[in-house]
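Below is one structure, written out as structure tokens, with a few remarks after it.
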Amino acid sequence: METWCEGVYFEPGPNKPNLAGIILSCGIHGDETGPIHLLQRLHNELQLAALAPSRPLLLIFGNPDAIRHQQRYVDSNLNRLFTRTPSPQPVAGESREAARARQLMQVCQRFQQQVPQVDLHLDLHSTIKRSCIERFALTPVHSGHYSDRWLGQLWQAGFGGLVHQTRRANTFSQFSLDVLGADSFTLECGSLQQSDEPHDQRLWHWLVNLVGSEVAWHTKEPGGRQQPALRQFTVAEEIIRASDQFRFLVDEGLPNFSQHPPGTAIYQEARGTFTIDEERFSLFLNSRVETGQRAGLLLKHLQ
Ligand SMILES: [Zn+2]
């Protein structure tokens with residue numbers, strides 16, 4: 001296993017031609033310890049050769065400074081700093097996270113040059129609040145070509161929901177889709193309130209299988225199997241904190257995926273009250289963001 005820079009490890013995999021690579025990342029937010037411990041365990045097993053990878057792998061611990069301090073970030077939110085055209089040189093006055101985002105984009109592109117294709121990027125996170133669907137995945141904004149074939153896999157790993165994002169943001173998974181052409185997901189692996197063990201066992205076994213198995217794991221389930229019961233959502237509205245007068249009219253402490261019937265007044269702003277006409281499910285509600293930033297999402301159920 002090669003160390004490419006702090007917290008970035010390259011595993012070339014077996015000496016066979018044309019093997020697509022995968023990227024696993026965690027710790028983009030330094031306080032999300034569950035996924036960090038999971039990938040540290042994976043790193044240990046690979047280093048000890050207890051696990052033999054079946055394909056090239058790039059393992060990333062996103063924000064080492066923040067991980068050391070067990071805080072979300074040091075200067076700014078790293079998961080808003082990935083761009084389509086990364087600057088190759090340091091930018092004057094850039095934050096620690098901006099420098100790290102640049103470095104991570106560079107190592108991903110270096111990885112891309114070593115493999116015929118980057119097949120998959122999974123960026124592991126934890127939610128701040130609890131969720132009615134304990135584990136769920138989010139896609140970056142995509143053209144709709146790839147999600148279906150992953151449903152069975154996500155379900156096997158214990159993910160009960162899939163949210164299709166509709167508004168582009170400068171996230172790591174958006175970068176890996178746009179620039180590397182990888183099928184990428186942000187995986188919310190549980191909440192910060194939960195202890196790491198033992199609820200990660202199912203995810204752990206799935207990750208070991210993902211890294212170690214030679215089976216063409218991303219192909220569709222054979223016919224006749226039951227369809228997975230994974231619930232799918234699309235983002236209907238993005239809630240922006242537009243001014244200091246912003247406040248939620250629903251309890252923002254409610255768990256993620258709380259259901260709101262038509263006619264519910266969701267929030268109040270200087271220009272009035274926002275009321276929904278159709279049923280919506282709330283996600284990531286948080287009024288304590290900077291003005292102009294996203295204070296939450298309202299989802300539409302797709303099934
Ligand atoms: Zn996170």
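The values are calculated or read from the model by the stated rules, or taken from the named source; none is laboratory data. Note that the structure is a prediction, hence the values are computed from the model and not measured. All Cβ positions, even for glycine, are placed from backbone atoms using ideal geometry, and neighbour counts span all protein chains on display.
Given 66, 99, which one is of a type in the set (A, V, I, L, M, F, W, C), in the same structural domain as residue 25 (by TED's automatic domain parsing) and out of contact with any Gly (no Cβ under 6 Å at 6 or more places or on another chain)? Going through 66, 99 in turn, the sole match is 99.
Here the range 36-70 is the region considered, the condition is being in a loop (DSSP other than H, G, I, E, B) and polar (S, T, N, Q), and the residue that is nearest to the chain's Cα centre (by Cα) is 63.
Every residue, every condition in (1) away from the ligand (no atom under 16 Å from the Cβ); (2) within 13 Å of residue 172 (Cβ to Cβ); (3) touching a Leu at 6+ places or on another chain (Cβ under 8 Å), yes or no:
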| position | (1), (2), (3) |
| --- | --- |
| 16 | yes, no, no |
| 22 | yes, no, yes |
| 31 | no, no, yes |
| 37 | no, no, no |
| 53 | yes, no, yes |
| 58 | yes, yes, yes |
| 69 | no, no, no |
| 105 | yes, yes, no |
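A residue that is among the polar types (S, T, N, Q) and closer than 21 Å to residue 3 by Cα occurs somewhere in the range 59-82. Kindly provide the set of residues from the range 260-271 that are over 11 Å from residue 247 (Cα atoms) and either within 22 Å of the chain's Cα centre (by Cα) or modelled with pLDDT under 95 (or both), ordered by number. Result: 271, single match.
Can you tell me which residues in the range 71-112 are touching a Ser or Thr at 6+ places or on another chain (Cβ under 7 Å) and either assigned to a loop (DSSP other than H, G, I, E, B) or at pLDDT below 90 (or both)? Hits for the range 71-112 are 75, 76, 82, 95.
Only one of 87, 95 is among the polar types (S, T, N, Q), without any contact (Cβ under 8 Å) to a residue 40 or more places away in the chain and surrounded by 14 or more Cβ atoms within 10 Å (Cβ to Cβ); which? Break it down into steps so the answer makes sense when it comes.
On the way: 87 fails: surrounded by 14 or more Cβ atoms within 10 Å (Cβ to Cβ).
Exactly one residue qualifies, and that residue is 95.
Scanning the range 107-127 for residues that are surrounded by fewer than 18 Cβ atoms within 10 Å (Cβ to Cβ) and within 14 Å of the ligand (Cβ to nearest atom) yields a count of 0.
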